[in-house]
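What follows is a single structure, written as structure tokens, with notes after it.
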Amino acid sequence: MLTVYIDFKSAQAYLAMKSTLALADRLKLRINWRPFRTVERYVPKLGTEETVGERHRRVRAASQRALAKKYAAHQGLALTYPDVLGASDLALGALALFDGDRLPFIQAAFEAYWIDHLDLDSPETVTHLMTKTGTKLNDLSTARDALDKAQGAAEDAGIVGAPAYVIDEQIFVGREHLPWIEEIAAKA
């Protein structure tokens, strides 16, 4: 069993999907998908009197976005940053409540955010994605509370970002750890 924490608005989590699924397929691992609310940041605007710290944050954020776009292109994925960074709380809360196969909803939610720039905190959007993917949830009104509980449990367990992986009681944050995760899973 591989536990994977994701946030639909995390570019790194989106970019990790293909490799994560390939790893799980190769090693016949079940994935326990869990929500984790991240804080995504804008690229700061160039200021007329920019401090060294402000310039560092701006250049670093722009570089991270450019690198994410290169990785997306390499994987054949569409990835465009929305003009307004949206929230994903309602979709993540719904993910916390789902039983059964969560993957169709997860893939649809990532595409909705990164390709269509839909609001994943909107009941209409989340309901549409559930209908589109055949995901059943009787009551969406408890989703935000479910996310708060899941977030607290994840933070208590030591999760600090997404994607995060838990295997053999070890936590790895970031998709760059997939080769190490594969090594651990292959030995188990």
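The values are calculated or read from the model by the stated rules, or taken from the named source; none is laboratory data. As the structure is a computational prediction, the values presented were derived from the model and not from experiment. All Cβ positions, glycine included, derive from the backbone under ideal geometry; neighbour counts span all protein chains shown.
A few notes on this one:
- If only residues of the stretch 12-27 that are within 13 Å of the chain's Cα centre (by Cα) and of a type outside the set (Phe, Trp, Tyr) are counted, the one that is nearest to LEU178 (Cα to Cα) is THR20.
- Any helices (runs of 4 or more DSSP H) falling wholly within the stretch 97-188 and containing at least 1 residues that are in contact (Cβ under 8 Å) with a residue 40 or more places away in the chain and under 14 Å from the mean Cα position of the chain (by Cα): 103-114, 143-157
- Selection of the stretch 150-185 for residues being touching a helix residue (DSSP H, G or I) at 6+ places or on another chain (Cβ under 6 Å), of a type in the set (A, V, I, L, M, F, W, C) and over 21 Å from ALA68 (Cβ atoms) yields ALA150, ILE167, ALA185.
- Beta carbons closer than 8 Å, at least 6 apart along the sequence or on distinct chains, pair a first residue in the stretch 20-47 that is farther than 23 Å from ARG102 by Cα with a second that is part of a loop (DSSP other than H, G, I, E, B) and among the hydroxyl-bearing types (Ser, Thr, Tyr) for GLU40/SER10.
- Subset of the stretch 128-139 that is among the polar types (S, T, N, Q) and surrounded by 15 or more Cβ atoms within 10 Å (Cβ to Cβ) - its residue that is farthest from LEU90 (Cα to Cα): THR133
- Among the conditions (1) at pLDDT 90 or above; (2) among the polar types (S, T, N, Q); (3) farther than 30 Å from GLU183 by Cβ; (4) surrounded by fewer than 15 Cβ atoms within 10 Å (Cβ to Cβ), SER88 misses just one, which is (4).
- The set of residues in the stretch 45-92 being farther than 21 Å from LEU120 by Cα, assigned to a loop (DSSP other than H, G, I, E, B) and among the acidic types (Asp, Glu) consists of GLU49, GLU50.
- Selected residue [touching a Ser or Thr at 6+ places or on another chain (Cβ under 7 Å) and either buried (at least 17 other Cβ atoms within 10 Å of the Cβ) or not charged (D, E, K, R) (or both)] from VAL52, VAL4, VAL59, VAL39: VAL4
- Search result, residues across the stretch 1-44 that are among the aromatic types (Phe, Trp, Tyr) and outside any helix (DSSP H, G or I): TYR5, PHE8, TRP33, PHE36, TYR42
- Every pair of residues 6+ apart whose Cβ atoms lie under 7 Å, when the first sits in the stretch 66-80 and is under 13 Å from ALA13 (Cβ atoms) and touching a residue at least 24 places away in the same chain (Cβ under 8 Å) while the second is assigned to a helix (DSSP H, G or I) and among the aromatic types (Phe, Trp, Tyr): LEU79/TYR14; LEU79/TRP114
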